[in-house]
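Report on the following structure.
The values are calculated or read from the model by the stated rules, or taken from the named source; none is laboratory data. On a predicted model such as this, the values are computed, not experimentally measured, just so you know. Positions of Cβ are backbone-derived with ideal geometry, glycine not excepted, and every protein chain shown enters the neighbour counts. Please note that ligands, DNA and RNA were not included when accessible areas were found on the heavy atoms of the full protein model with its side chains. Shrake-Rupley method; radii C 1.70, N 1.55, O 1.52, S 1.80 Å.
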Amino acid sequence: MPTIAIIGAGPGMGLAIARTFGSRGFDVALISRTKEKLQTLVGQLGQEGITAEAFTADVLERPSLTAALDAVKARFGGIDVLEYSPAPHSPVPGLTMAAPSEVTVDNLQPQIEYIFYGAVAAARTVLPAMREAGAGTLLFTTGGGSVDPIPMLGNVNAPAAALRNWVINLNKELAGSGVHAAHVAIGVWIGEGGPEGFPTATSEEIAPLYWDLHENRDRSEAVFTA
């Protein structure tokens, strides 16, 4: 069975992506900071006939992220698809938002660590085996501000744009190797409770994009807008 590892898995996009791939025959590895919350998702997926397991890691602590991905490979025999989409559902120490004129090295660096460096560390952990096998998919998610910046997210959009640039460039490097890298930019508020007037969509409406990128290997990006 092929395996997808979802970094930053939660009850929204993570669960929807897990269902999208799990319903198509994938085993699912769910990775985030809180194993107890993941176990609930593992139970939900199990009731739907999807084999899933929880692994604990913090993208800000790269050794834990590497260890979790190594544990996934040991449990399932390898990782065929990596999806990286950590999004804080509760306050994360050191992560704040700042407008472009308010950006400082101090409030930018944690966002770079969270959004960009964690993604690079995850890719470097799984890429050698994918290259050796001549097959694999690397999927990375950011907000729509990576493409069309939003002033209130000045210190978030900048590293997100850097990640987008790196992913598209990585895919160019990997051309002909059998390994595919792609970026998803989500330009809507996911679920309910968003700012007034801001477009919204459900996780279930967005998740098929990930399967499309996995299947259509000539694409390096998908942008979801209302």
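Please verify whether the stretch 177-188 includes one or more residues that are at pLDDT below 95 and over 12 Å from Phe140 (Cα atoms).
Yes; the residues of the stretch 177-188 include at least one that is at pLDDT below 95 and over 12 Å from Phe140 (Cα atoms).
What residue, among those in the stretch 202-226 that are aliphatic (A, V, I, L, M) and open to solvent by 60 Å² or more (accessible area, probe 1.4 Å), is farthest from Ala181 (Cα to Cα)?
Ala226
Count, please, the residues in the stretch 192-226 that happen to be of a type in the set (D, E, K, R), assigned to a loop (DSSP other than H, G, I, E, B) and touching a residue at least 24 places away in the same chain (Cβ under 8 Å).
Count: 2.
So is Arg124 in contact (Cβ under 8 Å) with a residue 40 or more places away in the chain and charged (D, E, K, R) or not?
Taking the combined requirement at face value, the residue does not satisfy it.
If you take the residues in the stretch 155-191 that are among the β-branched types (Val, Ile, Thr) and assigned to a helix (DSSP H, G or I), which one is least open to solvent (accessible area, probe 1.4 Å)?
If we take residues in the stretch 155-191 being among the β-branched types (Val, Ile, Thr) and assigned to a helix (DSSP H, G or I), then Val167 is least open to solvent (accessible area, probe 1.4 Å).
Would you point out the residue of the stretch 9-51, among those that are assigned to a strand (DSSP E or B) and open to solvent by 10 Å² or more (accessible area, probe 1.4 Å), that is modelled with the lowest pLDDT?
Among residues in the stretch 9-51 that are assigned to a strand (DSSP E or B) and open to solvent by 10 Å² or more (accessible area, probe 1.4 Å), the one modelled with the lowest pLDDT is Ser32.
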